[in-house]
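The values are calculated or read from the model by the stated rules, or taken from the named source; none is laboratory data. Not measured: the values here are computed from a predicted model. Don't worry about glycine lacking a Cβ; one is built from the backbone with ideal geometry, like all the others, and counts go over all protein chains shown.
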Amino acid sequence: MATAPLFTQVQISPTGPATQPIKTLSDRAERSEQTRLLRDILASQDRQNELLEELVTLIGAPHRQRMAELHQWKQAHPRLAQRCRQAAEALGKVQNEFIESLTAEVTDNAESFLEGDYMLNEFVDRFGPRLAHLSGVLQVLAHLAATNNTQSNSTEVE
């Protein structure tokens, strides 16, 4: 029984003269089309960048205007700005205590909330509006009490 040889010979010499492929008219047309497409893509990206810059300017302008007005208000009412800061700190402590009692209520009555809508609705009615209003007032006070460093940092980011 004859077995196949493990190794075979492979000839690696070129069969003909080595020449570069001749560029045909269709090759040139394809390259020209690719170049045109790449230029179109680049032009589109340039236009998109211009539009994004305009959008950032449009969105940033009202923010900068509000920050300038807030800065002017703080300069005109430094004592009130300081009192807003003190009130925000005190109200922040009140909010923390309120959230503490809210989470204790949730922990104690979690099963009741799952069993029926009445207890959940009662909880939301009792805590929801107060939390929303407290958070809103605290946000206004904190905004009015923000230091000038915070203001200048937010305008520098833009």
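Among residues of segment 44-71 that are in contact (Cβ under 8 Å) with a residue 12 or more places away in the chain, those with a beta-carbon under 8 Å from a residue that is of a type in the set (D, E, K, R) at least six positions away or on a different chain give the pairs Val56/Glu158; Gly60/Glu158; His63/Glu158; Arg64/Glu158. Of Ala81, Ala87, all but one fail to be touching a Lys or Arg at 6+ places or on another chain (Cβ under 7 Å) and surrounded by 13 or more Cβ atoms within 10 Å (Cβ to Cβ); the exception is Ala81. Candidates are the residues of segment 110-123 that are surrounded by 13 or more Cβ atoms within 10 Å (Cβ to Cβ) and out of contact with any Phe, Trp or Tyr (no Cβ under 7 Å at 6 or more places or on another chain); the one that is nearest to Ser135 (Cα to Cα) is Glu122.
Please verify whether Ala61 is of a type in the set (A, V, I, L, M, F, W, C), farther than 15 Å from Val140 by Cα, modelled with pLDDT under 95 and exposed (fewer than 12 other Cβ atoms within 10 Å of the Cβ), treating the condition exactly as stated. So Ala61 passes the test.
Screening the candidates Leu114, Leu144 for the property of being part of a helix (DSSP H, G or I), modelled with pLDDT under 90 and over 32 Å from the mean Cα position of the chain (by Cα) yields one hit, Leu114.
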